[in-house]
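Report on the structure given below.
The values are calculated or read from the model by the stated rules, or taken from the named source; none is laboratory data. Since this is a predicted model, take the numbers as computed values, not measurements. For neighbour counting, all protein chains shown are included, and Cβ atoms are generated from backbone atoms with ideal geometry for every residue, glycine included.
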Amino acid sequence: MTQIYKTAESFPQNARVVFIGDSITAGVNYCTRVAAHYKNHLPERKVVFHGAGISGSSCTSALLYYDSQVAPFHATHATVMLGVNDSDRTALTLADPEAKQTRLDAAFARYCTLMGQLLDRLAADGVEVTLCTPAPYAEFFVTGEEPLPGGYALIRRYAEQVRRMANERGLGLIDFHSFLSEMYLTEALYNPDHVHPNDMGQYRLAECVLGSQGLTIDPYTPIEELKAAEPLLGEWNTLSGKIAGLYAVEWMVIRNFALPTEEKLALVQSYIDEDRYSGVPYFQNITRMFMENKPREAEILARIDEIRNELYR
């Protein structure tokens, strides 16, 4: 097993921790596992957590949604894992090597600039940041889907940049990329798309977070069993996923966060009526859930706050 280096501090008394990321974070799977460890093994610290991952997210969306998704939580600490969607990985399919490299370099330069802006914003708000290298693209994991040639090297470039930023800014580092790069070759840690860790992969992410803090994770339990055993955290997981789903639709479907809620609902309903996403189960599901949960957004957020208050009673 790849060694985990203690490069990040454990969360202190009364910390308010926000997980910022993309779809790998949006499901709050590894986040729930980290939260369960603090609740069960370090309850005296009363650390509370907030999921701020969005499917399809990049530094662009993280900045766009900062005021609505991150700022209201008043975090004292944050973990940030971005880069996979910033990388413009579809450019790897281009036949023209020069056009391909131009696109990839432009995406990387944009990432460096925008990640710097995000870190500046967090610093201005007094948030202590731990940077996370992006989970590797599992190019060499054999699945039913063909990988993008060069995908692993592409994301490794972003991981190296995250390490540089952590060093330059004196930030804690959780090195997901190094931790999983060898492990996924011998363990089935990914879904067939080569991008998203499966449930065991999410467990390994949580293991890496805690191990980087000098903590030892409990033995593996499937996330649904963990949620059943920890009802409050299970409810937090479910409700956080619903909120993440709303942002996913606004980011990837509506593409206009400034629209009034009524117009957002009308637009998504029109897409459903037109069967715009026929044959794409993911978008069919998130648009349907948007119509169900968007009118209840304030209620869901209020319940999430209640759960945080109830966790350590």
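At-a-glance table
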read-out: Subset of the range 164-210 (residues that are of a type in the set (Lys, Arg) and out of contact with any strand residue (DSSP E or B) (no Cβ under 9 Å at 6 or more places or on another chain)); value: ARG164
read-out: Residue match in the range 99-110 (condition: part of a loop (DSSP other than H, G, I, E, B), at pLDDT 95 or above, under 20 Å from the mean Cα position of the chain (by Cα) and farther than 30 Å from GLU306 by Cα); value: no
read-out: Residues of the range 111-151 classified as within 30 Å of ALA75 (Cβ to Cβ), under 20 Å from the mean Cα position of the chain (by Cα) and of a type outside the set (S, T, N, Q), total; value: 20
read-out: Those residues of the range 142-190 which are within 14 Å of LEU104 (Cβ to Cβ), out of contact with any helix residue (DSSP H, G or I) (no Cβ under 6 Å at 6 or more places or on another chain) and not in a helix (DSSP H, G or I), in sequence order; value: PRO149
read-out: Extreme residue, modelled with the lowest pLDDT, among residues of the range 282-313 that are outside any helix (DSSP H, G or I) and surrounded by fewer than 18 Cβ atoms within 10 Å (Cβ to Cβ); value: ARG313
read-out: Residue within the range 158-178 that is closer than 25 Å to LYS39 by Cα, modelled with pLDDT of 95 or more and basic (Lys, Arg) present; value: no
read-out: Which numbered condition LEU226 misses (of (1) modelled with pLDDT of 95 or more; (2) over 13 Å from VAL34 (Cα atoms); (3) surrounded by fewer than 21 Cβ atoms within 10 Å (Cβ to Cβ)); value: (2)
read-out: Counted residues, the range 202-219 - those being buried (at least 16 other Cβ atoms within 10 Å of the Cβ) and either assigned to a loop (DSSP other than H, G, I, E, B) or not assigned by TED's automatic domain parsing to the domain that holds HIS41 (or both); value: 3
